[in-house]
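Single-structure report; data block below.
Any read-out appearing in this document is the output of simple, stated calculations on the displayed coordinates, not a laboratory observation. Since we're looking at a predicted model, the values are computed, not measured. With ideal geometry, Cβ positions are generated from the backbone for all residues, glycine too; neighbour counts draw on all protein chains shown.
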Number of protein chains: 2
Amino acid sequence: MKRPTLEVVAARAGVSKSSVSRVVNGETTVAPEIRDVVMRAVRELGYVPNAAARNLVTRRTDAVAVVVSDPPKGVVSDDPLFSTVVRTVSRELEAVGRRVVLILAESDESRARVERYVAGGHVDGVMLVALHGADPLPAALARMGLPVASFNRTAATDVPYVALDNAGGAELAVRHLLERGRRRIATITGPLDLYEARERLEGYRATLRDTGRRSIVALGDFTRVSGAEGMRQLLEDDPDVDAVFAANDLMAIGALRTLHQAGRRVPEDVAVVGFDDIEAAAYTTPALTSVRSSMADQATATVRLLLALIEGGPRKPVIMPNELVVRESS
Amino acid sequence: MKRPTLEVVAARAGVSKSSVSRVVNGETTVAPEIRDVVMRAVRELGYVPNAAARNLVTRRTDAVAVVVSDPPKGVVSDDPLFSTVVRTVSRELEAVGRRVVLILAESDESRARVERYVAGGHVDGVMLVALHGADPLPAALARMGLPVASFNRTAATDVPYVALDNAGGAELAVRHLLERGRRRIATITGPLDLYEARERLEGYRATLRDTGRRSIVALGDFTRVSGAEGMRQLLEDDPDVDAVFAANDLMAIGALRTLHQAGRRVPEDVAVVGFDDIEAAAYTTPALTSVRSSMADQATATVRLLLALIEGGPRKPVIMPNELVVRESS
DNA sequence: CAGCCGTCAGGGAGCGCTCCCTCACCCTTT
DNA sequence: AAAGGGTGAGGGAGCGCTCCCTGACGGCTG
């Protein structure tokens, strides 16, 4: 299965390697008749340029690494975020003719591998999805001098990122619940080593504080299970709770389940609002009110940011707006 | 940010390029003292071999393409399958030191690109996830002479694949419902251009036929919406239906929602069994009984198959067993 | 002690491509 | 008509690496 080379194509077309190269790369300074004869030869031989040889000299790969840094049972790995982000990113990069090298960095060992890989010149840039604040990878990659864009805010302040207006979203949710006449509004938080989780909690707290109400907080970790557990605890701590703002939809779904089991009606007894507006939110019973953050838009924005960086654009963060999608649960 | 080359390392270590190459590639025919001095130089300079140059001469890339072929709103793109497969595959390949190039082939145009890409020698093999029977990609890739393994059975009979025992799984589900004393057992099918869907339907039919019962069939397409719709139709066609076997969990979830809205109790009035045992199955109300097919295991098996093919192994299919996970819905 | 063989370091060709440079040719301009 | 300029093709170096081949050296054998 020997593939033809530039040289073979050149010989067949009766022109020089240079000319074939020019045609293949779409340069305009080629006479039409040469173009045609080369194109014919290319087609006849089924010529496809060798990627390695090309990379070697041009120093660009047209590939981008998408690094998802997360422990095996972590937050990112959960379906909605992972697949939405990966799919959106892939689509977006495909559209500009770039390839996606997907790397799941689940251990320190694989994180080290990522660094080696990136250093090996396999990719033109890195898109990072590393939600944990303590993750050392963002800083490490930033040091390598290759363009890096993060899907979210990280501890490495020199890595350009895209971020949601988390506090704003939480405020949206809480104000909505207040307007619905709720008095005892609780929250189930995400893991507090994540900016997202902290900011959402802060938005919740600030909004309640502004209206002279007190916070009722249960700690979760963005998983369904922790949402169910958090709700159980809230009901125990404060049986009169009449609304819950869950810091993500997965936890809201867990909370719905607990409420159902506890015999509380939603939204009559307890209103529930989630965050993220994942697809499943529309299919719960009752359908879930949620802060729409559009991870897809955020992912798209991150890709655009990365592409801009690769082209030498400015290293500045992007903040995404969000809105409330009101459904049956509130 | 100029990275050091072999030559620089050699100069620093005071040895030849060949020796450095030998050390870097872990060959054993190197004197320990040379090994040490080279290693030191490598470390001091932060040397990482240039991938392109290496590929160019060795003709291997240590990368594998994972091609997910599916229309934008298709079945595969749905969360559970997509993320489970992608994540499992990535983990498995990472473990053997290979990279994943993820390609979503959502249009004919991008399918053509996949072929060019693969022909360009970017990867050592291709793992294919192309559920649609009519998909031309499997056959096209098979023709290229590169190792290809498919996550599922395809129309291209010369592509080695991994498959579930779909008919067996359906039989498991139906027999379970019969044992529970159900008399009018309906099914909601997947899109019938998929082997999976056809085989599950056939298993359902055969089992009912064997026990002298008749089939009650609604057509679905593996989406939640179609499950809800299919259930609606079944209730209309045959109000006495007392059990439903949905050909996947997503549709079962849709069916649960319809049943809830129609005021039927699950499982008292209507028992529901799904297929796939996705994570969400445990979180529905009531929790869903499902045929556990372990997409993760199937994905792992496919990777193993592909790796074996790359090493020159035999091109034969692998069939996975499955089991029934009984929960509250039946 | 001479000759042989095995071991291991170094030299260098060449993988397929791009891109700089040279040069041929033709069209203008004076 | 000669010189100048512009256009576009061809030649060839070199990207960083691997791997074949050569040759030096030391240890054996006869």
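With neighbours defined as other Cβ atoms within 10 Å of a residue's Cβ, the residues B:285, B:154 order from fewest to most as B:285, B:154.
Between residue B:125 and B:65, the built amide H atoms are under 5 Å apart, and every one of these is 5 or more places off in sequence or on another chain.
Rounded to the nearest 0.05, the FRET efficiency derived from the C-beta distance between residue B:116 and residue B:240 at R0 = 45 Å is 0.20. For the range B:219-319, GluC sites (Glu not before Pro) meeting the loop criterion (DSSP other than H, G, I, E, B) and having at most 13 other Cβ atoms within 10 Å: B:268, B:311. In this calculation the C-beta distance from residue A:311 to residue B:180 is compared with R0 = 60 Å, giving a FRET efficiency of 0.45. Mean residue ellipticity, 222 nm, helices only, the protein assembly as shown: the sum of -39500 (n - 2.57) across DSSP H runs of n ≥ 4, divided by residue count and rounded to 500, is -14000 deg cm²/dmol. Taking chain A as the reference, fit the longest principal axis to its C-alpha atoms, fit the long axis of helix A:295-310 to the helix C-alpha atoms, and give the angle between the two in degrees, 0 to 90, nearest 10. Tilt relative to chain A: about 40 degrees. Taking the fewest neighbouring Cβ atoms within 10 Å as the starting point, the ordered list for B:148, B:15 is B:15, B:148.
Identify which of B:202, B:33, B:109 has the largest mean-square fluctuation in a Gaussian network model of chain B, with springs joining Cα atoms closer than 10 Å. Comparing B:202, B:33, B:109 in a Gaussian network model of chain B, the most mobile one is B:33.
Look at B:56, B:102 and count the other Cβ atoms within 10 Å of each Cβ; fewest to most, that gives B:56, B:102.
In this simple spin-label approximation, residue A:35 and residue B:33 carry label points 7 Å from Cα along the Cα→Cβ vector, and these lie 6.4 nm apart.
Under unit Cβ charges (Lys, Arg +1; Asp, Glu -1), what dipole magnitude, rounded to 20 debye, does the range B:166-292 have relative to its Cα centre? Spell out each step's value before the answer.
On the way: 17 positive and 20 negative charges, 71 e Å.
My answer is approximately 340 debye.
Could you calculate the contour length gain from residue B:25 to residue B:225, that is, 0.36 nm times the residue separation minus the distance between their Cα atoms, to one decimal place in nm? Walk me through the numbers on the way to the answer.
Values: separation 200, 0.36 × 200 = 72.00 nm, distance 5.38 nm.
Result for the pair: 66.6 nm of gain on full extension.
In this simple spin-label model, placing a label point 7 Å from the Cα along the Cα-to-Cβ direction at both residue A:58 and residue B:96 gives a separation of 3.1 nm.
For residue B:50, neighbours were defined as the other residues whose beta-carbon sits under 10 Å from its Cβ, and their charges (Lys and Arg +1, Asp and Glu -1) total +3.
Looking at the range B:105-190 from every direction and averaging, what is the projected area of its Cα convex hull in nm²?
The Cα convex hull of the range B:105-190, projected and averaged over all directions, gives 7.0 nm².
To the nearest ten degrees, helix A:32-45 and the longest principal axis of the Cα atoms of chain A are 70 degrees apart.
Starting from the exponent 0.38 and prefactor 2.2 Å, build the expected Rg for chain A from its residue count and divide its actual Cα Rg by it.
Values: Rg = 25.5 Å, N = 330, 2.2 N^0.38 = 19.9 Å.
For chain A, the normalised Cα radius of gyration comes out at 1.28.
Computed over the alpha carbons of the protein assembly as shown, Rg followed by Dmax gives 27.7, 86 Å.
Computed from the Cβ-Cβ distance with R0 of 45 Å, the FRET efficiency linking residue A:209 to residue B:5 stands at 0.15. What the Cα convex hull of the range A:6-49 gives, in volume per residue, is 56 Å³.
Amide hydrogen proximity for residue B:319: with H placed 1.01 Å from N in the peptide plane, the residues at 5 or more positions away or on another chain lying under 5 Å are B:163. For chain B, the longest principal axis of the Cα atoms and the long axis of helix B:224-237 meet at an angle of about 20 degrees.
Each Cα pair under 8 Å and six or more residues apart adds its sequence gap; the mean of these over the residue count of chain A is a relative contact order of 15 percent. Size descriptors for the range B:166-292: radius of gyration and Dmax over Cα atoms are 12.6, 35 Å.
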